[in-house]
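Have a look at the structure below before the remarks.
Please treat every number below as a calculation from the coordinates, not as lab data. Quick caveat: nothing in here was measured; it's all calculated off a predicted structure. Neighbour counts are summed over all protein chains in view; Cβ atoms, including those assigned to glycine, are modelled from backbone coordinates with ideal geometry.
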Amino acid sequence: MRRSLGLPITMAVIMIVLVILLIVGWTIATIWAATSEPKTPTFFWALLPIGALSLTVILAGVIVYLVLSVKLINLNQRQSNFIDAVTHELKSPLASLKLQVQTLERLNIPEEKRKLMYQAMKNDVDRLETLINQVLMVSVLKSKPDKKAAETTAHLADILENAVQNSCMRHKVGKDCVSINACDANIVQKRFSIELLLQNIIDNAIKYASHDSPQVTIHCRKTSSGRLAVRVWDNGPGIPVSQRKKIFLRFYRIGNELERKRTGTGLGLYIVKMLIRQIRGKLFIRDPKSGGVAFVLVLPPNVVHSA
């Protein structure tokens, strides 16, 4: 990344310095001409702001070019990381499925072992389905508004339980590592968006919780303004302050793609950001005294009613 950014940044810095020198030189030369030429000083004084303004516009264009170039290079790097991650996410379950099928072709496999292998194959298929749905969801959310504003009411506790169950199965951890303290509330609008939003936040917490003894706590409360706050805490390594805006970028993942231990595509929190805008909610990242990190999702009062 540093090598790919080095050349455009160096070129842009050189161009910025040259333009600044031109502005200074133009200003000095024009002032000198205006003061040393008593016959036509008005001409040079009028020429001074025109030239300085033109060079300033060029300077602003160079700076904009630098910013856009850096953003484009970062996006290309994240897309490259995304391709690497998706390749791994596709290759692993496919290799596992192939191995399971080849093993099942043998006639002497005990029935109990067959059931275990069928379950493993189902898990691999679910993993592939989750990956495909996540990629497709980004396209759907960008191209279509939420058309499910008037859905059937769902109890918040049921939504949380379902999200926890799905995430625990996906990451192969026991449900006992997650504690839920849900308030008595119903989701009455934008149910699909909120279900997907909570699923991604909880999935992220379980994925990045401590590998040795994962712990995730989900706590809900009503605020004084009538909003519902859902706090999802995990005992993982936390998120550096410098990375807290970047983690919501498309394809962005902290660290080197080839060295990371946890799988993913860098789309989960990007989907979270899009859904929060859609429902007009808020999301905060907190540093609990107990360590780890906490995501606090604040839902607007129009989508939540007390049960």
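Here are a few things to note about the model shown:
- FRET efficiency for the pair Tyr118 and Asn162, taken as 1/(1 + (r/R0)^6) with r the Cβ-Cβ distance and R0 = 30 Å, rounds to 0.80.
- Applying a threshold of 32 Å to the alpha-carbon distances of Lys91/Lys175; Lys98/Lys190; Lys98/Lys273; Lys113/Lys273; Lys98/Lys207 flags Lys98/Lys190; Lys98/Lys273; Lys113/Lys273 as lying beyond it.
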